[in-house]
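One structure is given below, encoded as structure tokens.
Computed from the coordinates by the stated procedures, all read-outs in this text should not be read as laboratory data. Model, not experiment: these values are computed from the prediction. Methodologically, a virtual Cβ is constructed for each residue, glycine included, from the backbone with ideal geometry; neighbour enumeration extends over all protein chains shown.
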């Protein structure tokens, strides 16, 4: 916050992954928020700064039908936003629901760029600040603006060696099956790489072992809900609906079938045989190798 030295972060900024099964999610399926302590006379300056940077970023990378959202909350985080976060994590959130939340909290919420689907993530990320019972961290390295559209340049050998040294304290660094790093995103965006783990100090040490062959703007550590199965809430077979996430315990009632391409399809009922649903084990997960050997009567949790 060099432009407004009177502003101070009150906690780590948040990087929140949302419902992974929503078909119109963004590639990263994430939203961010941060909480600041700032003198009242500087609030308008802060708003102008954030809106200006937000619009500048969109000019560079916007595309593909993405609808980003921007929201400001003044004061304490209300329980209503915590509820929105949990819904955005595990269910479909209709725009009317979000509109209702904004209208109900109109005295403390401002949406300077109007209503968009991205407001679901923006408000959910704010609501998450009071809803994370546990967390992990991610250190993100940011590119200079001139490099946004260029191929990322990180020495992959150093990614492997970093993973070897810190794999017990970090996660999802390298895919050894497909021989490619997992710390670099794809697409046009300002992030060069991200390292995930449970200790911010370890993330800084891990980053320093990497060889970065392009100039970068800086780095920032986020508190996140990644790697915690936060969206795996317990549900019954009967209550499961499209676009919801969760875990169910049920009984296999039909022999699994292997579909063209290698996916495995099976039918699951609740233990009382009152309701059923179809379950697909996608080839990419590797779970189909086990699922194809299930038989009628097997009880599983998915």
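Hey, residue 4 hits all of (1) within 30 Å of residue 146 (Cβ to Cβ); (2) free of Cβ contacts under 8 Å to residues at least 40 places away in the same chain; (3) out of contact with any strand residue (DSSP E or B) (no Cβ under 8 Å at 6 or more places or on another chain) but one; which does it fall short on?
(2)
Can you tell me which residues in the range 280-302 are under 30 Å from the mean Cα position of the chain (by Cα) and free of Cβ contacts under 8 Å to residues at least 40 places away in the same chain?
Correct list: 280, 281, 282, 283, 284, 285, 286, 287, 288, 289, 290, 291.
Can you pull out the strands (runs of 3 or more DSSP E) entirely within the range 128-246 that have at least 2 residues that are surrounded by fewer than 17 Cβ atoms within 10 Å (Cβ to Cβ)?
216-224
Would you confirm whether or not the range 279-296 contains a residue that is in contact with a helix residue (DSSP H, G or I) (Cβ under 6 Å, 6 or more places away or on another chain), closer than 30 Å to residue 166 by Cβ and part of a loop (DSSP other than H, G, I, E, B)?
The answer is no; no qualifying residue exists.
Can you name the residue in the range 1-20 that is in a loop (DSSP other than H, G, I, E, B) and within 12 Å of the chain's Cα centre (by Cα) and is also farthest from residue 127 (Cα to Cα) among such residues?
20
Could you list, in sequence order, all residues of the range 130-164 that are touching a helix residue (DSSP H, G or I) at 6+ places or on another chain (Cβ under 6 Å) and under 16 Å from residue 197 (Cα atoms)?
137, 139, 162
Just for the range 251-279: of the residues that are surrounded by 14 or more Cβ atoms within 10 Å (Cβ to Cβ) and either within 28 Å of the chain's Cα centre (by Cα) or in contact (Cβ under 8 Å) with a residue 60 or more places away in the chain (or both), which one is farthest from residue 234 (Cα to Cα)?
263
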